[in-house]
Amino acid sequence: MISSEEHERGWKAEIARRLEQGDGLEFTLGQFAQAVGTAAGVGALREFLNQAVETGALRKIEAFRCPMPECKKVLSPAGAPYSACPYCLTDYLEEGVEVVAETFYQLVGKTSRDIRWMIVVHGMNSRAKWQEEFSWQIANRLRYSAPVLIYKYGWATIDVLVCWLHRKLASQLGERMRIAIAQAKASQRPVRPDIIAHSFGTHLLSMVLTDPDFEDLKFGRVITAGSIIRPDFDWDSLIENGRVEAVLNHVGGKDIPVLIAQFAIPRTGPGGRVGYTANKAINVCTPTFKHSDFFLTENLRTQIADDGLWHNFLTHPLEHFTPEGRLVPASWKRAPLVVRSATRGLGYALFAVLAPFSWLRRWLDP
Ligand SMILES: [Zn+2]
């Protein structure tokens, strides 16, 4: 025998699930009973829902339903009283039937969100394979016709050591984003793209976000993976100022390059390992992931499939977003300047001497 408390726990879980997914927010008593089973009796369930109405978690809406068996459409209270069905056009008086009053419950929550369109900023010298896979997956698994702009900046090797080259690459990225946003506006798409950035791409993104020249660019939800952005990067201000809707930092527990980044690339840090310390940032760690594991076909598929981490972050209302593996970062301090300068000098010399195209490529973007 299941206790009434256990029943109630199941009902609460169903409500939490609907709120979290932003789906099924409106239902009748009968529909809800069907979802949770009616073992406890419909009376107890009605009592439970009415209590939720009193606490303000639910809204009660008295609507109507067409009584014709082949129609049964819900009729909004705004159009009452109904003498005929606006859908099947049955004249109720003529048919000798009456419209059925029906109580709906509406969960007070945000509905799920569509992925609008997306800009992907990859790491250095990324191979085309995962990019093709990514576009394909987005187009197919997500069932949205969300265009994906994959930003390419070609080969970069020794460039990563030099600040002014970063600025040049970042401003090219910013300009490209501005054009894409203008095109979205012209074709009546939402003007804020969602962003996925990886590795060196996260650094370029952070430069665009802090560059006053690009203050006009606003973004939807941002995912960073294998991030070399500093853990103390000020995401909170960007979110408060409406530049970014939200940020998900996907951390790989076995990501080594992000730990080394600050010693080789100026103004970077191990965000992809430590996490972001900003209050509003969402850090999630997959303990087994190395630097580029996020984009292995199978992992990518899992992340953007229904109920995958990235899919949920991009589509669910975030007030109830509680992913597994949430990481709360400890405070972080940069390595001393003298160490960073020395290693950078050393790195520069090494790169200059060895011209290590392939080594760097393997190192930052295996
Ligand atoms: Zn009807």
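Roughly how many percent of the accessible protein surface of the chain is carbon and sulfur, given a 1.4 Å probe and a whole-percent answer?
Details: 9950 of 18360 Å².
Carbon plus sulfur share of accessible area: 54 percent.
Before I look further, what does the chain give for accessible area per residue, probe 1.4 Å, in whole square angstrom? Let's see the in-between values first.
Values: 18360 Å² over 366 residues.
Ligands and nucleic acids excluded, the result is 50 Å² per residue.
Mind checking the angle between helix 4-21 and the chain's longest principal axis? C-alpha axes, 0 to 90 degrees, to the nearest 10.
60 degrees
Hey, which aspartates and glutamates would be in cross-link range of residue 333, C-alpha to C-alpha under 16 Å, not counting anything within fewer than 8 residues on its own chain?
232, 234
Let me make sure I get this right: for the range 4-107, a, b and c are the square roots of the gyration tensor eigenvalues over alpha carbons, sorted descending. Under 1.5 in a/c it's rounded, otherwise prolate if a/b > b/c, else oblate. Which is it?
Working: a/c = 2.54, a/b = 2.19, b/c = 1.16.
Prolate, since a/c reaches 1.5 and a/b exceeds b/c.
So if I place +1 on the C-beta of Lys and Arg and -1 on the C-beta of Asp and Glu, and nothing else carries charge, what would the dipole magnitude of the chain be about its Cα centre? I want it in debye, nearest 20.
Values: 42 positive and 39 negative charges, 418 e Å.
Computed about the Cα centre, the dipole is about 2000 debye.
Run the reach check for residue 168 against aspartates and glutamates, Cα to Cα strictly under 15 Å, same-chain hits fewer than 8 apart removed. What comes back?
159, 211, 213
So what is the relative contact order for the chain, in percent, with contacts set as C-alpha pairs under 8 Å and at least six apart? Can you show the working numbers first?
Details: 603 pairs, mean separation 57.8, N = 366.
Averaging sequence separation for qualifying contacts and normalising by length gives 16 percent for the chain.
What pairs from 12/60; 110/218; 218/280; 12/280 go past 24 Å between their alpha carbons?
Numbers: 12/60 17 Å; 110/218 21 Å; 218/280 17 Å; 12/280 27 Å.
Table pairs above 24 Å Cα-Cα are 12/280.
Grab the alpha carbons of the chain, take their convex hull, and tell me the volume per residue in Å³. Write down the numbers at each step before the final one.
Working: hull volume 66.4 nm³, N = 366.
Each residue corresponds to 181 Å³ of Cα convex hull volume.
The values are calculated or read from the model by the stated rules, or taken from the named source; none is laboratory data. Since the structure is predicted, the reported quantities are computational estimates derived from the model, not experimental observations. Because the Cβ atoms are built from the backbone with ideal geometry, glycine has one as well, and the counts that use them run over all protein chains shown. Heads up: the accessible areas ignore ligands, DNA and RNA and are worked out on the full protein's heavy atoms, side chains in. Shrake-Rupley method; radii C 1.70, N 1.55, O 1.52, S 1.80 Å.
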